[in-house]
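Heads up: the structure comes next, in structure tokens.
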Amino acid sequence: MALKDILPGKLGFGAAPLGNMFRDIPEPEARATVEAAWKDGIRYFDNAPFYGAGLAEIRMGEALAGKPRDQYVISTKVGRVILEEIEDVSARDLGEKCEVFKYGRPNRIVNDYSADATLRSIEDSLKRLKTDRIEIAFVHDVAQDFYGDEWLSIFESARKGAFKVLDRLRDEGVIKAWGLGVNRVEPIELLLALDEPRPDGFLLAGRYTLLDHAHALQRAIPMVVERGLSIVVGGPYSSGALVGGPNFEYAPITPAILDKVARIKAIADRYGVSMKAAGLQFSLANPAVAAVIPGASQPSRIAEDRAALEEVVPADFWQELRAADLVDPRAPLPKS
């Protein structure tokens, strides 16, 4: 089943911050953030065992425990098993993301994309999420940013294990859909070049944003569209860089990105357009995009995201961004 037929709305909730992403978030704040999303009408919640070594799933499970299960959609991810064993968090090898979840739980994280680990991962997620089912399973991070030169062998392990298991679970009706949850376009291109298996869509984080979208438009998104599939856009604010944050791609922002943000903001300020509105509406303008899932760790952020989605943005704003070479010529622009 296509993602766009499963997802209940264009705005979802990205749960990575609930795993203490970059900071130690108090329990009441985490709970209030999920509650604010629910009150806003958000009914799609994305998670992963990786987010704080199970912490984000535990917190979301607690927060949604009393909600009618048939009223919301959950996606989570496979590829990592969380153990009861404790490890030295500072010694984890997480590729480019070594500092992201240092405030999460210290439970040992095992990278494993085999068939058995995929089934165990789903079973463990169901317990943490306090639910009897998930609708969408994404195979997490089979890409260069985590595995460097080894990523193709990791992908091959997932092809033989996780992909086949998820294909079967989807066909049996245990889950409704599966795909990849990645921060790079190459794994999507590689999977779509195969005759089998048959993914239903993708979660692509950081690669179809106002700050970084040209690469995705070369091959990945045309391949997705050609097959009648769609993507969920994660990280639409580029780890906060677009809205004045200190990070881009989960790392300290570079001078080149700072300059690009400043150029976009100068045009946005002239038109009275908020940077959040520019970011969300740009991503959603592509017909391949089924939903955006900005992360939130404070209740106020939910209201900001909703306002950004509904903000009226003049067509001339987008045309000026394109004229300034800040938007790729191939990118669909929002209709005002």
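Of the residues Tyr113, Ala91, Pro68, the one whose Cα sits farthest toward the positive end of the charge dipole of the range 50-118, with +1 on the Cβ of Lys and Arg and -1 on the Cβ of Asp and Glu, is Pro68. Amide H contacts under 5 Å for Lys102: Phe22, restricted to partners 5 or more places along the chain or on a different chain, H placed in the peptide plane at 1.01 Å from N. Take the Kirkwood radius over Cα pairs of the range 89-175, plug it into Stokes-Einstein at 25 °C and 0.890 mPa s, and you get 171 µm²/s for translational diffusion. Using the 1.4 Å probe convention, the accessible area of the chain works out to 40 Å² per residue with neighbouring protein chains retained.
Label zone of Lys39 (point 7 Å out along Cα→Cβ, amide N under 20 Å): in the range 1-24 this covers 11-15, 18. Over the chain, with a Gaussian network built from C-alpha contacts below 10 Å, which listed residue (Pro287, Pro299, Pro68) shows the highest mean-square fluctuation? Answer for the Gaussian network model of the chain: Pro68.
When you filter the GluC sites (Glu not before Pro) in the range 144-185 for DSSP loop state and at most 13 other Cβ atoms inside 10 Å of their Cβ, you are left with Glu172. In order along the range 42-54, the phi-based Karplus estimate (6.51 cos²θ - 1.76 cosθ + 1.60, θ = phi - 60°) of 3J(HN,Hα) comes to 5, 10, 10, 10, 9, 9, 5, x, 4, 6, x, 6, x Hz; Gly and Pro are listed as x. Counting every alpha-carbon pair across the chain, the share separated by more than 39 Å comes to 8%.
Remark on the range 27-82: hydrodynamic radius 11.8 angstrom, per the Kirkwood mean of 1/r across alpha carbon pairs.
Loop-located trypsin sites (Lys or Arg not before Pro) in the range 118-183 (DSSP state not H, G, I, E or B) with no more than 15 neighbouring Cβ atoms inside 10 Å: Arg133.
Our estimate of slack between Arg120 and Val174, defined as 0.36 nm per intervening residue step minus the Cα-Cα distance, is 18.0 nm. Placing +1 on the Cβ of every Lys and Arg and -1 on the Cβ of every Asp and Glu, with no other charges, gives the range 201-336 a dipole of roughly 180 debye about its Cα centre.
Oblate is the label for the range 21-167, because a/c, from the alpha-carbon gyration tensor with a ≥ b ≥ c as root eigenvalues, is 1.5 or above and a/b does not exceed b/c.
For the chain, the relative contact order is 19 percent, taking Cα pairs closer than 8 Å that sit 6 or more residues apart in sequence and dividing their mean separation by the residue count.
If you sort the three axes of the alpha carbon gyration tensor as a ≥ b ≥ c, you get a/c under 1.5 for the range 223-336, which makes it rounded. In this Cβ point-charge picture (+1 for Lys and Arg, -1 for Asp and Glu), the chain has a dipole of about 700 debye about its Cα centre. Our helix-only sum for the chain, with -39,500 (n - 2.57) per DSSP H run of n ≥ 4 divided by its residues, gives a mean residue ellipticity at 222 nm of -11500 deg cm²/dmol. Tally Lys and Arg at +1 and Asp and Glu at -1 over the other residues with C-beta under 12 Å from the C-beta of Gly279: what net charge comes out? Residues near Gly279 contribute -2 overall. Using θ = phi - 60° in the Karplus curve 6.51 cos²θ - 1.76 cosθ + 1.60, the 3J(HN,Hα) couplings for the range 215-229 round to 5, 4, 7, 5, 9, 4, 5, x, 5, 4, 5, 4, 8, x, 9 Hz; x is entered for Gly and Pro. Between Gln71 and Glu320, the distance separating the two model label sites (each 7 Å from Cα on the Cα→Cβ line) works out to 4.2 nm. Residues in the range 247-261 carry Karplus couplings, in order, of 10, 9, 6, 6, 9, x, 5, 9, x, 5, 5, 4, 5, 5, 4 Hz; the curve used is 6.51 cos²θ - 1.76 cosθ + 1.60 with θ = phi - 60°, and Gly or Pro positions show x.
Accessible surface of the range 263-321, 1.4 Å probe: 52 percent of it comes from carbon and sulfur atoms.
The values are calculated or read from the model by the stated rules, or taken from the named source; none is laboratory data. Please read all numbers here as calculations on a predicted model, not as lab measurements. Ideal geometry is used to build each Cβ from the backbone, glycine not excepted, and the neighbour counts take in all protein chains shown. Keep in mind that these areas ignore ligands, DNA and RNA; they rest on the heavy atoms of the full protein, side chains included. Shrake-Rupley method; radii C 1.70, N 1.55, O 1.52, S 1.80 Å.
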